[in-house]
Amino acid sequence: MAARSQRGDAADAALGRRSVLGLGAALTGSLALGRDAFAEQTDAAPPSDAPWSQSLGAGVVDRPYGRPAAFEAGVIRRNVPWLTAGTESSISFSPLQSLNGIITPNGLFFERYHAGRPDVDPARHRLMIHGMVERPLLLTMPDIMRFPSVSRIHFIECPANGGMEWRAAQLNSLQFTHGMVSCAEWTGVRLSTLIEEVGVRKEATWAMVEGADGAHMNRSLPLEKCLDDCLVVYAQNGEALRPEQGYPLRLVVPGWEGNVSIKWLRRIKLGDKPWFSREETAKYTDLMPDGTSRGFTWLIDAKSVITFPCPEKPLNGPGLYEIRGLAWTGNGKVTRVDVSVDGGANWTTAQLHAPVLSKALTRFSLPWRWDGKPALLESRVTDETGYVQPTITQLRAKRGTNSIYHNNAIQTWQVKADGSVFDVQLG
Ligand SMILES: Nc1nc2c(c(=O)[nH]1)N[C@H]1C(S)=C(S)[C@@H](COP(=O)(O)O)O[C@H]1N2
Ligand SMILES: [Mo]
């Protein structure tokens with residue numbers, strides 16, 4: 001397929017005076033594109049008056065807390081029932097195929113629970129900070145809210161995202177292959193501010209962070225990371241954290257595997273060595289081909305995925321489209337995303353959409369004139385350290401096939417002549 005000339009076609013279409021959709025003839029009815037939308041008769045098309053244009057609408061307190069339009073009822077988090085024995089220690093996936101921009105709406109943020117979602121009473125919740133500190137503290141929620149606040153936009157990705165695709169392409173869905181990543185504006189206190197308040201004893205080099213859920217999920221973090229950019233947050237996209245995300249208090253560890261961003265945060269203990277908890281020994285480690293195990297693999301390496309088209313959002317006939325996607329890296333900022341429509345033989349640099357923020361989801365797009373022939377769509381991100389997203393073959397050569405975690409491979413979407421899209425892996 002002609003990826004090289006495709007760059008020219010796309011640029012022509014984007015920059016030229018031609019109408020993008022070729023809709024000039026729409027009103028006369030002789031239209032190449034939008035067959036479904038325009039060929040169907042509707043009583044709502046101007047100059048007719050739709051039923052909703054002929055009466056009063058609902059009043060202002062009809063919905064004291066807003067919700068999406070009833071027509072968007074299919075845009076929901078979903079789980080994979082066979083993946084876990086029950087729903088209390090499980091995952092729900094964010095519907096990336098239906099999201100725009102870089103912020104995940106609070107009701108659609110992916111969920112990962114190890115012992116279900118507790119209902120924590122903020123009036124009785126406390127955060128204990130102790131261990132190798134000068135002045136141990138037990139803080140209430142109002143205490144925490146009195147500290148200087150900051151807001152930051154960061155993604156959280158479970159390192160198991162894509163884990164089911166290590167051996168083969170098995171889930172024909174963007175939601176299920178990539179939906180364990182979400183991004184929000186978090187507001188709270190810098191962890192360094194709280195640590196300053198208790199005073200670090202000089203032997204301290206590690207911190208243990210623990211949740212108030214039944215799992216008492218806990219992880220060890222190097223003190224250096226705690227003092228760098230970790231946040232203890234009580235708000236998410238402008239409102240209080242959702243119970244699903246750790247209400248009333250969670251840790252956000254920017255750019256590191258989601259598991260360390262402890263929800264329902266209740267304890268921080270400073271020490272001089274890691275704790276080797278269950279979640280950093282039996283779990284969240286990677287069994288290598290030689291039988292050794294990688295541990296403390298915190299960093300989320302650069303990753304990207306095309307969100308349109310995708311299995312859930314096929315193409316509707318040949319013509320001009322915008323390939324859209326998301327890219328992210330735990331290493332800082334995304335600097336470049338390249339897109340291929342021929343399975344990686346030729347690449348074209350996509351446009352990054354502002355804002356491009358450190359350790360946040362980043363949007364990219366590329367205009368594409370689809371000729372109606374089969375295509376293999378891929379995106380490949382480069383981050384500010386120069387790291388380039390690997391192919392699944394390159395990743396397997398390094399890590400084998402025993403892993404679950406940290407699959408950041410290039411995703412391939414196969415477009416068939418009828419516009420349908422499939423999850424495939426190239427050998
Ligand atoms: N207390 C507690 N914190 C937790 C978990 C948990 O089960 N209990 N799950 C972790 C995992 S594995 C991930 S990937 C992230 C998911 O955050 P989210 O549910 O807000 O998407 O929370 C982490 N923090
Ligand atoms: Mo996770």
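The values are calculated or read from the model by the stated rules, or taken from the named source; none is laboratory data. All figures in this text were calculated on a predicted structure; none of them were measured in a lab. Please note: Cβ atoms are built from the backbone with ideal geometry, for glycine as well, and neighbour counts cover all protein chains shown. What goes into the accessible areas is simple: the full protein's heavy atoms, side chains included, and nothing from ligands, DNA or RNA. Shrake-Rupley method; radii C 1.70, N 1.55, O 1.52, S 1.80 Å.
Once you sort the root eigenvalues of the Cα gyration tensor of segment 153-305 as a ≥ b ≥ c, which label holds: rounded (a/c under 1.5), prolate (a/b larger than b/c) or oblate (the other case)?
Verdict is oblate for segment 153-305.
Against the main long axis of the alpha-carbon atoms of the chain, helix 3-15 sits at an angle near 80°. Reported to the nearest whole Å, the Cα centre-to-centre distance from segment 80-113 to segment 219-291 is 18.
Sequence-distant contacts, meaning Cα pairs under 8 Å at least 6 residues apart, place the relative contact order of the chain at 16 percent.
Converting phi to 3J(HN,Hα) with the Karplus coefficients 6.51, -1.76 and 1.60 and the offset θ = phi - 60°, segment 202-216 yields 5, 6, 5, 10, 10, 10, 9, 10, 9, x, 9, 6, x, 6, 6 Hz in sequence order, with x at every glycine or proline.
Considering Cα pairs under 8 angstrom that are at least six residues apart, work out the relative contact order of segment 303-424 and quote it in whole percent. Relative contact order comes out at 32 percent.
Please go through the residue pairs Lys202/Lys269; Lys269/Lys359; Lys269/Lys303; Lys263/Lys313; Lys303/Lys373; Lys333/Lys398 and name each one whose alpha carbons sit more than 22 Å apart in this structure.
Numbers: Lys202/Lys269 14 Å; Lys269/Lys359 26 Å; Lys269/Lys303 32 Å; Lys263/Lys313 33 Å; Lys303/Lys373 27 Å; Lys333/Lys398 25 Å.
Lys269/Lys359; Lys269/Lys303; Lys263/Lys313; Lys303/Lys373; Lys333/Lys398, as the Cα separations exceed 22 Å there.
With Cα atoms as the point set, the chain shows a radius of gyration and Dmax of 24.0, 79 Å. Sorting 163-172, 61-70, 403-412 by average packing, meaning the other beta carbons within 10 Å per residue, from highest down gives 403-412, 163-172, 61-70.
Net charge of the neighbourhood of Thr382, taken over other residues with C-beta under 10 Å away and scored Lys/Arg +1, Asp/Glu -1, is -1.
Segment 143-207 and segment 386-420 have their alpha-carbon centroids 23 Å apart. Rounded to the nearest 0.05, the FRET efficiency derived from the C-beta distance between Ala69 and Asn316 at R0 = 25 Å is 0.70. Between Ile153 and Trp186, the built amide H atoms are under 5 Å apart, and every one of these is 5 or more places off in sequence or on another chain. Could you tell me whether segment 303-424 comes out rounded, prolate or oblate from its Cα gyration tensor? Rule is a ≥ b ≥ c as square roots of the eigenvalues, rounded for a/c under 1.5, then prolate if a/b exceeds b/c, otherwise oblate. Verdict is oblate for segment 303-424.
Solvent exposure of the chain, expressed per residue, is 47 Å² of accessible area, with all protein chains present and a 1.4 angstrom probe. From most to least packed by mean Cβ count within 10 Å, the peptides 149-161, 125-137 give 149-161, 125-137.
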